[in-house]
Amino acid sequence: MSLLKQFWEFLLKLLAFIVALFRYLLGLKKRARCACPNPPPLKKPDPFLYCQYFLMALGYPVTWDNPDIFVFEGLVLVDPHQLKANTQYTVVARVWNSSVFVPVIHLNVAFFYLSFGMGTQSHAIGTSWTDLGVKGLADCPAYASIYWTTPATLGHYCIQVLLEPPDDSNWLNNLGQRNIFVTQPQSPAVFSFSVGNHVGPRVRNVRFTIDAYTIPPLLACDDRRAGIDRTRAVSKVAPSVPEGWTVVLTPGSLQLAQGEEQQVQAEITPPPGFSGSMPINVTGWDANGPVGGVTLTVEVP
Amino acid sequence: MGNWYQSWTNCCTNVNSWFSDNSVNWYTALIGVVGVLVGVGVGGVTAALIPGAATSLAILCLAGVYYCNWWLNIRLICLGGDRSAIGAIFNIEPPTPSLDFLNLGDYDTDYSFNLLIYPALPLDMLPNWFVDNFSPPTSPTPWQLSPITQLQAQWPTLFPFISWDDANLILPQQGTMGSLGLGFTGQYASSPGSSSALPFVSIIVAPSDQSITNGSTLQLKATGYRADGSYQDLTQGPNAATWTSSGPAATISTGGLVTATTNASLNTTVFITATYGSGAASVSGAATVKVVTGTTVAAGPWEQILIHCEIEGRGMEDLRTLLWALFGTFTTAAVLSFFPPIGTAISIFLLLLALLALLFGGPAIQNDDAGPPNPPGSPQGGDGWGGYAYVDAPTTGSLVDLVYVCGRWVFDSLHQPVGSNELHPVHYIVKVGSVPMGGLTTGDWGIDLESMKTKLDQQYSIINMPSTVNIQSKPENQWSLHPLIDGCQGQASYAPPATPPPPK
């Protein structure tokens, strides 16, 4: 019986092979995949910067203190949460390329600023460009910069950078955002930020998650542990707020009509005797995924 | 790393080792005839069909292998290493597989496209007097240097925006192969234009001002433009414009071919007009043709500022492998047939097997072609970039791909209709931008591709260095998400820049 079944399965496979062969000969082309003798002759660059939305889509925790966006006043690096009104700054984006084959000459880089918060409206600063080399060589990373005169009204702003290459193997990792606010607690430390709905006609129900993730320090390459596959070694679990800290958001969730923006207040209380710096990431989510986020840093001398 | 795509061809560095397709056809036929005669001889000696047929078929396979060797190793003439070019994908020429295993041309599975070299216009064409010098000769005549030097002298007035170095990519190379006296037609790809229901608002006739010698001919081209920027070739065919001449010094055919009458008064200027439609709705364009003294020259082919590029498929290599396998099979069958009856039976079986392999293997090889560099949406399909080839763009707003290509610079002696310079095989190709088809028609490329080409040449001179692989394989370059997340700290610092780079 078993032999008969095996023979029957063999016949079915043979029939499927003959059908596939005839379809192939009659014009059905082979699928484009790496195993083909002649794979699609396309290689593409992959310009990117630290992109919170892409990393979150992969399940990784993120910080909104973007390590690839910098602000200079003159020649001095400054904290983006302490910008003065009506003052010219230079915003710099650091851009990487994960392709070892394809550079990007004249990579357009668009800069925006937003009200401090999540899902708020962006305003164009302008567009600059840079020449990005391939992974491991001199022009990678490359830097793009632009002058920005801050609005006349004093306030806290987020900075957004969007890469606009002519071609890309991954279009999802081109948007980076730096949303950071630092304060020293007056027991408790109080922050406020905006949450907006500028994406569509539907009501946006926003909830928040809170964690204490920071980008961990890198291991030295000659460290034996660095030799392992780091991607698998990177934790997908964000560290929660340490014991003794309290974070209270008011309101704790939001329902936003189209075009509406609401303020959220965060009260962060450190444990008694704490000194140092503690970043707290607040990320907003709606039914479609992340809305945005802010990193609120408490510094106790 | 310098070659992204596999290649199976070589090119002749010494032109003395090159010989033409005519010669190889004769040699191949000669080997085939010898094979048939030997087969008949063997059949006669043994008084049996199988040994003779198998012997003939084996030698015929050798003839095929000989032809494949010519195709792969002799056909192309090296013009001097690798060259790069930058421009717009003008049109694509995908391979055309068929079920006909005897059609040798279908085993050419290279994927070809023509690149409009920046900053040429699609309508730019080399002057007839130049192209005529390299028209297919009745017998090989060594090329003269004078047309090249004359073209070079006139180049700044003919095409002031195109560098001579870039243009030289598509011109006959006197020093390398001028002694062979081959025909050279360069590249011309008809541009049927885009469809639109709007009427034509203007007609441009090219060349617009030309002198021709007494008794000579000149091919004109009429292009009609609509208000939305779309255009159509009106030179000839069912929708052609009506051509008229203002005087007897030059006549004009319905297909736009001007002939200067032999007894015309010299230095006479005539106006050639192309008219489309009738009455108040008609539009027209004109060109002036001056009849001058000189040797009579027939109108040759057109040559645009296009470089032909080919990504190689392995069709001919596979065919050669198949022919070697068949040669072995037929030889075995011939030997076994001397040992009847079992040997004869096995021989018949082997012959049938070999014929089946040819029947199914041929089309399979033809389908194993190189992939396309252009995107879904264009008529030929593909899986790439999001833009169109120029001639496939459905509207003037459709984006045409701008690319940088590097490949081996060769002359293809079997290029149709005669010979042409090519980048063959393409080593690598990178999309560098896109531009609306309408912009390209009027020369608005939107970006300075010349400086981009210079930078890419510099980048790839470093990327292709052997030491680059070592650098890129270092532990600090093994990240995949972001260097600060899944990388490690090497010698380079990840600290912010000390000073801000100046904005561009």
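Among the residues of segment B:417-445, those that are assigned to a strand (DSSP E or B), in contact (Cβ under 8 Å) with a residue 60 or more places away in the chain and closer than 10 Å to B:D401 by Cα comprise B:V432, B:V435. Considering only residues that are of a type in the set (A, V, I, L, M, F, W, C), away from every other protein chain (no Cβ under 14 Å), surrounded by 18 or more Cβ atoms within 10 Å (Cβ to Cβ) and more than 18 Å from the chain's Cα centre (by Cα), which ones fall in segment B:1-30? Matches in segment B:1-30: B:C12, B:W18, B:V24. The combined condition, being among the polar types (S, T, N, Q) and either within 21 Å of A:L154 (Cβ to Cβ) or surrounded by fewer than 22 Cβ atoms within 10 Å (Cβ to Cβ) (or both), is not fulfilled by A:T63. Among residues of segment A:262-278 that are in contact (Cβ under 8 Å) with a residue 40 or more places away in the chain, those with a beta-carbon under 9 Å from a residue that is in a loop (DSSP other than H, G, I, E, B) and among the hydrophobic types (A, V, I, L, M, F, W, C) at least six positions away or on a different chain give the pairs A:I268/A:V241; A:I268/A:W245; A:T269/A:W245; A:P270/A:W245; A:M278/A:A212; A:M278/A:V241; A:M278/A:W245.
In this structure, does A:V182 turn out to be touching a residue at least 12 places away in the same chain (Cβ under 8 Å), within 20 Å of A:V264 (Cβ to Cβ), in a strand (DSSP E or B) and over 18 Å from the mean Cα position of the chain (by Cα)? So A:V182 passes the test.
Among the residues of segment A:131-146, those that are in a strand (DSSP E or B) and at the interface with chain B (Cβ under 7 Å from one of its Cβ atoms) comprise A:D131, A:Y143, A:S145, A:I146. Within segment B:349-366, the set of residues being more than 14 Å from chain A (Cβ to nearest Cβ) and crowded, with 16+ Cβ neighbours inside 10 Å comprises B:L350, B:L351, B:A354. Restricting segment A:88-115 to residues that are within 22 Å of the chain's Cα centre (by Cα), under 28 Å from A:F191 (Cβ atoms) and hydroxyl-bearing (S, T, Y) leaves a set whose member that is nearest to the other protein chains (Cβ to nearest Cβ) is A:T90. Can you say whether A:L163 is surrounded by 19 or more Cβ atoms within 10 Å (Cβ to Cβ), at negative phi and not β-branched (V, I, T), as far as the supplied structure shows? Criteria met by A:L163. Note on segment B:254-269: among residues that are surrounded by 13 or more Cβ atoms within 10 Å (Cβ to Cβ) and over 17 Å from B:S208 (Cα atoms), the one that is modelled with the highest pLDDT is B:T261. Just one of (1) within 12 Å of chain B (Cβ to nearest Cβ); (2) under 18 Å from the mean Cα position of the chain (by Cα) fails for A:M118. It is (1). For segment B:454-473, residues that are assigned to a loop (DSSP other than H, G, I, E, B) and more than 9 Å from chain A (Cβ to nearest Cβ) total 2. Picking from residues in segment B:474-488 that are buried (at least 18 other Cβ atoms within 10 Å of the Cβ) and within 17 Å of A:G59 (Cβ to Cβ), the one that is nearest to the other protein chains (Cβ to nearest Cβ) is B:D486. Taken over segment A:199-228, the residue count meeting the criterion of being loosely packed, with under 12 Cβ neighbours inside 10 Å, within 14 Å of chain B (Cβ to nearest Cβ) and at pLDDT 80 or above is 2. Is there a residue being within 15 Å of B:E422 (Cα to Cα), buried (at least 16 other Cβ atoms within 10 Å of the Cβ), under 17 Å from the mean Cα position of the chain (by Cα) and among the hydrophobic types (A, V, I, L, M, F, W, C) anywhere in segment B:173-181? No, segment B:173-181 has no match at all. The residue that is modelled with the lowest pLDDT, counting only those in segment A:64-118 that are among the aromatic types (F, W, Y) and over 30 Å from B:G433 (Cα atoms), is A:F116. Annotation note: Cβ proximity below 7 Å between a residue of segment A:125-145 that is without any contact (Cβ under 8 Å) to a residue 12 or more places away in the chain and a residue that is surrounded by fewer than 21 Cβ atoms within 10 Å (Cβ to Cβ) (sequence gap 6+ or interchain) occurs for A:L137/B:I462; A:L137/B:T468; A:L137/B:I471. Of all residues in segment B:103-132, how many are in contact (Cβ under 8 Å) with a residue 40 or more places away in the chain and either assigned to a loop (DSSP other than H, G, I, E, B) or in contact with a Lys or Arg (Cβ under 7 Å, 6 or more places away or on another chain) (or both)? Result for segment B:103-132: 12.
Here A:P151 fulfils each of the conditions (1) more than 28 Å from A:A266 (Cα to Cα); (2) of a type outside the set (V, I, T); (3) surrounded by fewer than 18 Cβ atoms within 10 Å (Cβ to Cβ) apart from (1). One residue stands out among those in segment B:489-501 that are at the interface with another protein chain (Cβ under 7 Å from one of its Cβ atoms) and over 22 Å from A:Q52 (Cβ atoms): the one that is surrounded by the fewest Cβ atoms within 10 Å (Cβ to Cβ), which is B:T499. Among residues that are modelled with pLDDT under 80 and part of a helix (DSSP H, G or I), B:A364 is included. Condition (residue is within 14 Å of chain B (Cβ to nearest Cβ) and more than 20 Å from A:V294 (Cα to Cα)) applied to segment A:76-86: is it met by at least one residue? Within segment A:76-86, one or more residues are within 14 Å of chain B (Cβ to nearest Cβ) and more than 20 Å from A:V294 (Cα to Cα).
Counting just the residues of segment A:166-179 that are part of a strand (DSSP E or B) and surrounded by 23 or more Cβ atoms within 10 Å (Cβ to Cβ), which one comes out nearest to the other protein chains (Cβ to nearest Cβ)? If you could, list the steps in order and put the result at the bottom.
Of all residues in segment A:166-179, those part of a strand (DSSP E or B) come to A:175-178.
The next check asks that each one be surrounded by 23 or more Cβ atoms within 10 Å (Cβ to Cβ); those that pass are A:176-178.
Numbers: A:G176: 10, A:Q177: 14, A:R178: 12 Å.
Checked segment A:166-179; the qualifying residue nearest to the other protein chains (Cβ to nearest Cβ) is A:G176.
Note on segment A:54-99: enclosed strands (runs of 3 or more DSSP E) holding 1 or more residues that are of a type in the set (F, W, Y) and in contact with a helix residue (DSSP H, G or I) (Cβ under 7 Å, 6 or more places away or on another chain) are A:88-97.
Give the residue, chosen from B:S190, B:S208, that is at pLDDT below 80, closer than 14 Å to B:I272 by Cα and surrounded by fewer than 16 Cβ atoms within 10 Å (Cβ to Cβ). The unique qualifying residue is B:S208. Taking segment B:5-52 as the range and being farther than 30 Å from B:I311 by Cβ, among the β-branched types (V, I, T) and in contact (Cβ under 8 Å) with a residue 24 or more places away in the chain as the test, the residues that pass are B:I31, B:V34, B:V36, B:V42, B:T46, B:I50.
The values are calculated or read from the model by the stated rules, or taken from the named source; none is laboratory data. Keep in mind it's a predicted model, so treat the numbers as computed, not measured. So basically every Cβ, Gly included, is an ideal-geometry build from the backbone, and we count neighbours across all protein chains shown.
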